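The values are calculated or read from the model by the stated rules, or taken from the named source; none is laboratory data. Note that this is a predicted model, so its numbers are computed, not measured. Positions of Cβ are backbone-derived with ideal geometry, glycine not excepted, and every protein chain shown enters the neighbour counts.
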């Protein structure tokens, strides 16, 4: 499965979350690190859902960029 993650800069590095997996978040000092950490966080999150008997949500979020003229 492919889950969208949103990566945002912070004062100390980066944070990330997945809109399809509420509560699944991670941080990292670099963009690459937070991406790796988020991969691990998603695997851990899904394992926990399965272990507790919850349904694993199908990825449904998408993203797009909208280009506008800067005034």
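Numerical summary
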{"quantity": "Any hit, segment 17-24, residues being in contact with a strand residue (DSSP E or B) (Cβ under 7 Å, 6 or more places away or on another chain), modelled with pLDDT of 95 or more and not in a loop (DSSP other than H, G, I, E, B)", "calculated": "yes"}
{"quantity": "Tally, over segment 46-71, of residues that are assigned to a helix (DSSP H, G or I) and either exposed (fewer than 13 other Cβ atoms within 10 Å of the Cβ) or within 11 Å of the chain's Cα centre (by Cα) (or both)", "calculated": "4"}
{"quantity": "Close pairs from segment 38-51: first under 13 Å from residue 20 (Cα atoms), partner surrounded by fewer than 11 Cβ atoms within 10 Å (Cβ to Cβ) and modelled with pLDDT under 95, Cβ under 6 Å, at least 6 apart", "calculated": "none"}
